[in-house]
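Here's the structure we're looking at; comments come further down.
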Amino acid sequence: MRAVIVGCGAYMKEGYGCPGEWKCITSASLKKGKFANYDSVELIAFFECNCPGRAVVNNLKGLKKVQDFDVVHLSNCMCGAKLGCPYGNPDALVDALEEQGFKVVKGVHDMG
Ligand code: SF4
């Protein structure tokens, strides 16, 4: 499964100790967490959403033109963090991505 991970850039940049560099990428490389049921995992990209989040859909459409992928994983910090994103909610982003034909999974790792 060729996967792309999208993380919350506000969380990742603001010094909250984003563990995505190892939790998200390690989960993909070890086929754990939300990747556990895939036959295999090839991580195509790991990039940041940036406030207010409007570029995610277009960035993924652009990426798809140069490198095909099968599934988009929205990071745990996008889908489960409290307080959540002030600009939208993960379900709305899932809907917007699915409208463009992307397969979307909420969440990445189960490492806490
Ligand atoms: S728009 Fe929301 S999910 Fe995207 S970077 Fe900003 S706070 Fe994070």
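When you check G62 against the structure, is it assigned to a helix (DSSP H, G or I) and away from the ligand (no atom under 16 Å from the Cβ), yes or no?
yes
For a quick check of your reading of the model, give me the residue pairs whose first member lies in the stretch 43-62 and is farther than 15 Å from K103 by Cβ, whose second is within 12 Å of the ligand (Cβ to nearest atom) and assigned to a helix (DSSP H, G or I), with beta-carbon atoms closer than 6 Å and at least 6 apart or on different chains.
From residues that are farther than 15 Å from K103 by Cβ, the pairs are E48/G9; E48/M12; C49/G9; C49/V56; N50/G9; C51/A10.
Please identify the pairs in which a residue from the stretch 82-95 that is of a type outside the set (S, T, Y) has its Cβ atom under 8 Å from the Cβ atom of a residue that is loosely packed, with under 12 Cβ neighbours inside 10 Å, counting only partners at least 6 apart or on another chain.
Hits for this filter: G88/P52.
Checking A92 against (1) within 12 Å of the ligand (Cβ to nearest atom); (2) touching a Leu at 6+ places or on another chain (Cβ under 7 Å), only one condition comes out false. Which one?
(2)
Does the stretch 69-84 include one or more residues that are under 11 Å from the mean Cα position of the chain (by Cα), assigned to a loop (DSSP other than H, G, I, E, B) and within 16 Å of the ligand (Cβ to nearest atom)?
Yes, some residue in the stretch 69-84 is under 11 Å from the mean Cα position of the chain (by Cα), assigned to a loop (DSSP other than H, G, I, E, B) and within 16 Å of the ligand (Cβ to nearest atom).
Coordinate-derived values only; no laboratory data. Just so it is clear, the model here is predicted, and its values are computed rather than measured. Please note: Cβ atoms are built from the backbone with ideal geometry, for glycine as well, and neighbour counts cover all protein chains shown.
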